[in-house]
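Worksheet: the structure to be examined is printed underneath.
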Amino acid sequence: MKFAESWLRSFCNPSMTTDELAHALTMAGLEVEEVKPAAPPFTQIVVGEIVSREKHPNADRLSVCMVNVGALSPAPLQIVCGAPNARAGIRIPCAMVGAELPPDAEGKPFVIKQAKMRSVESNGMLCSAKELGISEASEGLLELPLDAPIGADIREYMKLNDSVFEIKLTPNKADCLSVYGVARETHAITGAPLAAPPSREVRAVLEEVLPVKVLAPDLCGRFAGRIIRDVNAKAATPAWMRERLERSGQRSISALVDISNYVMLELGRPTHVFDLDKVHGGLEVRWAKKGESLKLLNGNTVELDEQVGIIADANGVESLAGIMGGDSTAVDLETTKNVYVEAAFWHPLAIQGRSRRFNFATDAGHRFERGVDWETIPQHLDYISAFILDICGGEAGPMDDQTINVPQRLPVAMRIARAQKVIGVAVSAEEMAAIFMRLGLAHTRDATSFVVTPPSYRFDIEIEEDLIEEIARIYGFDNIPALPPIARNAMRVRPSAERSLHALRAAIAAQDYFEVINHSFVDESWEREIVGNLNPIKLLNPIASQMAVMRSSLIPGLLANVRYNASHKADRVRVFEMGKVFSRDETVADGELTVARVSQPLRMAGAAWGGAMPEQWGTPKRGIDFFDVKSDLSAVLPSAAQFVAATHSLLHPGRSAKIMIGGKAIGWIGELHPRHLAKFELTSAPVVFELDVVPLTELTEKAFETVAKTPVVRRDLALVVENSVHSDEVLATLKRAGGPIISTVDVFDVYRGIGIGERQKSVAIRVLMQDTERTLEDTEIDAALQKMVAAAQEQLGAALRA
Amino acid sequence: MTESSLTQRIAPAGIPASGQQPIDIVAAALADFAACDTATALEDAKAKYLGKTGAITALLKGLGEMTPEHKKLHGAEINEKKTAIEAALKARRESLANEALNAKLASESIDVTLPGRGRGVGGIHPVIQTWQRCEDIFGSIGFDVADGPEIEADWFNFTALNNPPNHPARSMQDTFYVDMNGTDGLPLLLRTHTSPMQVRYARMHAADLSNKGKPIKVIAPGRTYRVDSDATHSPMFHQIEGLWIDEHISFADLKGVYTDFLRRFFETDALTVRFRPSYFPFTEPSAEIDMKFDSGPLKGKWLEISGSGQVHPSVVKNFGLDPERFIGFAFGSGLERLTMLKHGIGDLRLFFEGDHRFLKQFA
């Protein structure tokens, strides 16, 4: 909410500077977001009167004006001016020679000097509102009222030595959605006296009343209105009212609209003015019916139903209750003569969410959904009527004020001890009483508690905590100490068999992967075409199409990271991310940490692209491959993890594997399928992996095994097998056949090429044998080797390499 | 050179029997040794004096023909010379060995300023480093860590937090909805804050508090989502939620804990913290927390850092606890915001671009 400081100070004027006042409001919960001067700095600009205007002899668009600035110059000043509206008789702001105009973008003021313009002497400058920095638009010279005192300083005459406050109000502060409301709060905070609310009395001349029927007491609690006939809709809004509206960010529209806005800003009272001649029959206040629709003032047509409150006449719906008037009964500058002014109490619950449903917001709706005082409706209706009569003329009818169903204000009790316990400070009962007094909260008290009956303008006091908050707020949060809490100690430590997520991240980062954070919502084509998820969870209101569905895999995001860095000249990219993925899953039920039908496990995924090693001296260049990344994963996977050949739509079918722990698949590793390379503008394939995180946080308890002191015997075998035979089969076969004396079999080389058949490979295997009790005999060693070779021949078709 | 030629050449020099003035055999040996510049040459030179036919050997042999007086006189003299020659030999040997080693080492020298070889290490994202630091700080006074769903039910994200449908406070957070309904028939949403974890965690631990007096003391860091996108807002960001419920945890405790947290997080006591009244449906009294550095580039500027307050009694009830008996505070802070302030990062979008050049700075 925006308003001029001078308006606020007209009701409550604490002896504080502008900044002090802004700080005090902020520290009481009315956050002053911005304090701006009403006008930028300028000097020596005064009210001048154009005495005569002649065309400039040498320039078509310029005129030469003689300007009377009163006592400031004995003779009128000759000033050359380019404004089309310069003419004799008008009063305008006149910058004298030596005047400083508002600073430019670089902050330098513009100084007016005596000058010749096209060889005609000019002794000053006539100014537009834009040149004074008080308006964005320039409509020629700013024409002042004809009674503006000639020679008077413009800053003083236009009250420009003022500031505009912009306050960010929280939804509970319905009572502060007006200048008077903020004044009331200023009084509570500072103790400075508060003026009585502005009021006017209206004498009814007419007897005519517009019949109004309120059919929905849960919608409308009170409804008041009156007829005013013979108004001049074209009357000009007085300058003082326009100025206050403009400083509040409200453009002046027409007198009737301006008056309504003014009363809303000053008192927080939204009102509506109908063109009486366009109202057919009487008014009916009710819930809408399905199928009804309404063309609003803003030109939009909305479809209505039983959830929406309306005002209707004999012809149909006229207005969206508490939110916006309708087009058909709107006042019109040209044709409106007779009006009906309405002020009502709409129940907050009947208004809340309605305008959001239609996707627009109005100042009236904003106030009614938070709560507007119902008790001051007659005073405020008189106040607005008096302005209409003053400004637009006319004759008023009597006020028709029906109270149907207004809220009850129940007394709220606050225990002194409870307040002290929650705040953590022993605020005294006397101090609490003083705070309630300043807030205008009528109360009774006994030794242990207060009982407050909240005023009708407060919609935020229903329970004890609401009062505790008021005490804390006005007592001052700054005055509450910051205490180190006192609590019982208990040791807490992670179980040794559990790895933290941070330790897991650190482990993969140590393998030269950089952590990234990608959005959880992605382009739908990523899910459908890359991940192969044809039914991703969609956002109903995405901010962009590339953020339209929830990801079910972290990998496409990582591929985009690879592309991003590759396009920025990186020749080697290694990234990982830990995050949730999302998919529909009928087996998930609502639970302590689950939401029904949504699977959202935590995953960790990585992508490595480019060189296996950073390009460096003394190291041959080699592209990353499956086995580099497989080795990286050994840093995070338990030793029991197995890699089982399997295919995935994302991955190269011959270069991908499922990762299994204890028979359960926990993730994937593989080279990106070549068909996805183009989508990410890559010429070589990244190797990617994606793992479920939970199994990786479960560490196996370390079990001790005796270290045998007997000698270890090494024998190497070279076996030729078909390419399709997997090395883990070979190793398992050998180990089984060799019996208990085999401690280790592993592959130390694989060879394909000359001397080996096509579709075959030679696998070099190191066999370590040991008996934990005694030294092995040569005969046992040879026998074991023979058995191993025989088994490989029989079971895998292997041959000893010649 | 043959052995006989050596003997012939040397013999006259060392044999006093010839009647000539004997030359200084030790000085000759020293000169010879010094002239040797390889180990082989030195061994050859050694033979000239100490070998079977060497000068000293010859002298020693000569002793046998002498009278006992002469023997005594010359014997000692010859031994002295022998010892001196042997010492010189040893010294020369060592010196030659050192020279050889030095030459070898010199030929093996490397350019130690070349970079080390190998793979290097990656790094943890700066926002996650903040996350971990928060866990460490709050963990140091006994806070547990919790995480939960990001696609969340309306009840946990809003209603349980005292923010029923249509409440004006719902417009404080623009919400992403997904194309699925919860079991209550309301659309599921992307959690707009980590506060639903207050409710989930507290409900899981309410019995421990009610029956065993074990306080609910938890932080819940994680991803959150709002319909917003510019240099200072990201549609996805991270929050850390804090919750402490017990029989006596007051607003003054909130001020104490959070002030301490900021001083530990930024590793300085030179910062001022202020609590400013605000409004959140789920806390009352509610406070916006601002901080101001007393030094550094951001000196003197109030920076919004967190929302906080005493948990609203309706929310405590939704925890499954008696609000008459249990009170406490909650807060929620942005991890990106903390990270930006700590490192002086101006643009939020850098966190989500995955640019190696950015990420490496925090490794």
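Every number in this text was worked out from the coordinates using simple rules, so none of it is lab data. These numbers were taken from a predicted model, which means no experiment stands behind them. Virtual Cβ from ideal backbone geometry, glycine too; neighbours counted across all protein chains shown.
The count of lysine pairs in the range A:649-775 whose Cα atoms are under 28 Å apart, excluding pairs fewer than 8 places apart on the same chain, comes to 9. Around the Cα centre of the protein assembly as shown, unit charges on the Cβ atoms of Lys, Arg, Asp and Glu (plus for the first two, minus for the last two) sum to a dipole of about 2820 debye. If you sort the three axes of the alpha carbon gyration tensor as a ≥ b ≥ c, you get a/c of 1.5 or more for the range B:126-362 and a/b no higher than b/c, which makes it oblate. A crude spin-label estimate for the pair B:Asp174 and B:Ala91, with each label 7 Å from Cα along the Cβ direction, gives 9.2 nm.
What does the charge dipole of the range A:714-802 about its Cα centre add up to, to the nearest 20 debye, if the Cβ of each Lys and Arg holds +1 and the Cβ of each Asp and Glu holds -1? Intermediate results must be reported in sequence, preceding the final value.
Details: 11 positive and 14 negative charges, 52 e Å.
So the dipole magnitude of the range A:714-802 works out to roughly 260 debye.
For an R0 of 51 angstrom, estimate the FRET efficiency from the Cβ-Cβ distance between A:Asn161 and A:Lys290 and round to the nearest 0.05. Working shown, then result.
On the way: r = 56 Å, r/R0 = 1.10.
Efficiency for this residue pair is about 0.35.
Each residue in A:His347, A:His568 was given a count of other beta-carbon atoms within 10 angstrom of its own, and listing them fewest first yields A:His568, A:His347. Within a straight-line Cα-Cα reach of under 28 Å, A:Lys290 can be paired with the following lysines, leaving aside sequence neighbours fewer than 8 residues apart in one chain: A:Lys213, A:Lys278.
Give me the net charge of A:His568's neighbourhood, meaning all other residues with Cβ under 11 Å from the Cβ of A:His568; Lys, Arg count +1, Asp, Glu -1.
Numbers: positive: A:Arg563, A:Lys569, B:Arg357; negative: A:Asp571, B:Glu353, B:Asp355.
Computed value for this residue: 0.
Sticking with the crude label model, points 7 Å out along Cα→Cβ, report the distance from A:Glu758 to A:Thr453 in nm, one decimal please. In this crude spin-label approximation the distance works out to 10.4 nm. Taking a ≥ b ≥ c as the square roots of the eigenvalues of the Cα gyration tensor, an a/c ratio of 1.5 or more together with a/b larger than b/c marks the protein assembly as shown as prolate. Take the Kirkwood radius over Cα pairs of the range B:51-117, plug it into Stokes-Einstein at 10 °C and 1.306 mPa s, and you get 101 µm²/s for translational diffusion. Computed over the range A:212-403, the convex hull of the alpha-carbon atoms projects to a mean area of 9.6 nm².
The convex hull around the C-alpha trace of the range A:501-697, projected and averaged over every direction, spans 12.3 square nanometres. Kirkwood Rh over alpha-carbon pairs of the range A:624-673, then Stokes-Einstein at 4 °C and 1.567 mPa s: what D in µm² s⁻¹, rounded to an integer? Translational diffusion coefficient: 118 µm²/s.
Rounded to the nearest 0.05, the FRET efficiency derived from the C-beta distance between A:Asp363 and A:Arg53 at R0 = 56 Å is 0.85. Distance between the pseudo-spin-label points of A:Asp625 and A:Ile486 (7 Å out from Cα toward the beta carbon): 6.9 nm. Per residue of A:415-423, other chain Cβ atoms within 10 Å of the residue Cβ number 3 on average. Rounded to the nearest 10 degrees, the inclination of helix A:255-267 to the longest alpha-carbon principal axis of chain A is 70 degrees.
Checking the cross-link pairs B:Lys217/B:Lys255; A:Lys2/A:Lys173; A:Lys108/B:Lys299; A:Lys621/B:Lys360 against a 24 Å limit on the alpha carbon distance flags A:Lys108/B:Lys299 as lying beyond it. Selection among B:Val273, B:Pro297, B:Pro285 by position relative to the dipole of the range B:254-301 gives B:Pro297 as farthest towards the positive end (Cβ unit charges, Cα centre). Dipole check for the range A:163-245: with +1 at the C-beta of Lys and Arg, -1 at the C-beta of Asp and Glu, and the Cα centre as origin, the magnitude is about 120 Debye.
Toward the positive end of the charge dipole of chain B, with +1 on the Cβ of Lys and Arg and -1 on the Cβ of Asp and Glu, the farthest Cα among B:Ser109, B:Ile128, B:Leu63 is that of B:Leu63. By the count of other C-beta atoms within 10 Å, a proxy for reagent exposure, A:His519, B:His343 are ordered fewest to most as B:His343, A:His519.
Test of understanding: ordering A:Leu297, A:Leu276, B:Leu101 by Cβ neighbours within 10 Å, fewest first, what list do you get?
Details: A:Leu297 18, A:Leu276 21, B:Leu101 10.
The order, fewest Cβ neighbours first, is B:Leu101, A:Leu297, A:Leu276.
To the nearest ten degrees, helix A:429-438 and the longest principal axis of the Cα atoms of chain A are 60 degrees apart.
Centre-to-centre, using Cα atoms only, the range B:182-198 and the range A:433-482 are separated by 33 Å.
Applying 0.36 nm per residue to the separation of A:Glu143 and A:His280 and subtracting their alpha-carbon distance, the gain on full extension is 45.1 nm. By the Stokes-Einstein formula, at 1.306 mPa s and 10 °C, the range B:152-283 with its Kirkwood radius over alpha-carbon pairs has D equal to 95 µm²/s.
What does the C-alpha gyration tensor say about the overall shape of the range A:45-157? Classify as rounded when a/c is under 1.5, otherwise prolate if a/b is larger than b/c, or oblate. It comes out rounded by the Cα gyration axes.
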